[in-house]
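Following: one structure in structure tokens, then a few remarks.
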């Protein structure tokens, strides 16, 4: 590798690490919470009191 | 090396390398599909396609992680050099695995009648201003385009046509592709997948590659420290016996390229450390059958004048040498490639 190529490597990687680490952490932190499991249907035990 | 055009110069090593790679990928894909189907049995065609999308997508990420680890690993430990020898085939195979991931993703959109929706999502410009909600497919398309360009230009024809320096600079885009893949998954699958395995796979892979590159970079920085110079600017290499037989000591002029000073018995010669093939580190190679041999792909050059053996026409720059007060000294100004310039002690 040429000297320039090595210098590019050394400059590129720290920048890439910071950008991706910040992006990845934010994506992980800001992801929406898991949807709650669907509640099983509740059987009616009392007749409705509301009147049409 | 080759004096003429050949599509692929197959060797036994390359065949074994490619065979092991293909087998490993096939085992991973099959294992992933079996495990995924047991955890979440496909209920319809769509969920079946999703399993394939995830299998080929995760394989692409792991293959990119491995490819990007090979370079620094072989800088840190020579035992990894054989992996570097055929890395381009690894890269091309990664492109085909990525292409299969893309094909299944398109199949999923087609099965959903969702292709027009995808197009609308990709040109919904306000979404590009969001972080969560960014069209992650666009990141995947950009990464895939880079992989396509790299696979298409992977052949030695393009290496020779573009020159090693331009070709290597172009192929640095793989780092960008890797970052794009990371964010493609982080803003896509990671937003709905609530398991620990995906963040661990992504974070662990990226951390591994990053640590290896930083370590290799630190090592190379130390090796770029300038070599002591005499009063007239010649670099002081040291006693002839301090150069290991059939190997080299690498010296560096301030702000200049590295110079490989080889010893072959009582003969000493200095060559450019940049192999004509891919700018590989000639000075980390050794003398085999009388020829200085690049550790990356085995390109060979005569120590006497830096010329490749017939019928090859490659030539390395050479450097003037002298013995002064028992020490070998090298003039940091290169001679025209192919100029004879060895000394004996």
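Listed values, structure above:
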read-out	value
Calculated FRET value between residue B:119 and residue B:157, using beta carbons and R₀ = 30 Å, to 0.05	0.25
Alpha carbon Rg of segment B:171-238, scaled by the compact-globule rule 2.2 N^0.38 Å	1.90
Principal axis dimensions, chain B - Cα atoms, whole angstrom, descending	80, 40, 33
Förster radius 45 Å - calculated FRET efficiency between residue B:34 and residue B:172 (Cβ-Cβ, nearest 0.05)	0.75
P(r) histogram, all alpha-carbon pairs of segment B:195-344 included - 5 Å bins from 0, percent	2, 10, 17, 20, 17, 11, 7, 5, 4, 3, 2, 1, 1, 0
Estimated translational D of segment B:1-133 in µm²/s (Stokes, Kirkwood radius over Cα pairs; 25 °C; 0.890 mPa s)	139 µm²/s
FRET efficiency for residue A:15 and residue B:79, using Cβ-Cβ distance with R0 set to 25 Å, rounded to 0.05	0.25
Globularity index of segment B:71-197, i.e. its alpha-carbon radius of gyration over 2.2 N^0.38 Å	1.27
Alpha-carbon spread of segment B:8-72, three principal axes, descending order, Å	46, 25, 18
Gaussian network model of chain B, Cα within-10 Å springs - most flexible of B:232, B:245, B:264	B:232
Residue-averaged [θ]222 nm for chain B, counting only DSSP H segments that reach four residues, each worth -39500 (n - 2.57)	-17000 deg cm²/dmol
Percent RCO, i.e. relative contact order, over segment B:92-174, from Cα pairs under 8 Å lying at least 6 residues apart	29 percent
Whole-percent pair-distance distribution, where bins are 10 Å wide, for the alpha carbons of the protein assembly as shown	4, 19, 25, 20, 14, 9, 5, 2, 1, 1, 0, 0
Net lengthening on full extension, residue B:142/residue B:96 (0.36 nm per residue, minus Cα-Cα)	15.0 nm
Most mobile of B:185, B:92, B:214 in a GNM of chain B (Cα contacts under 10 Å)	B:214
Two-decimal Rg to Rh for segment B:259-345 - Kirkwood Rh, Cα set	0.95
Normalised contact order of chain B, rounded percent, pairs of Cα under 8 Å and 6 or more residues apart	13 percent
Segment B:214-255 - percent relative contact order, Cα under 8 Å, separation 6 or more	43 percent
GNM top mover of B:32, B:95, B:56 - chain B, alpha-carbon springs below 10 Å	B:32
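Coordinate-derived values only; no laboratory data. Nothing here was measured: the structure is a model prediction, and the numbers come from that model. Here the Cβ is made from the backbone with ideal geometry for all residues, glycine too, and neighbour counts use every protein chain on show.
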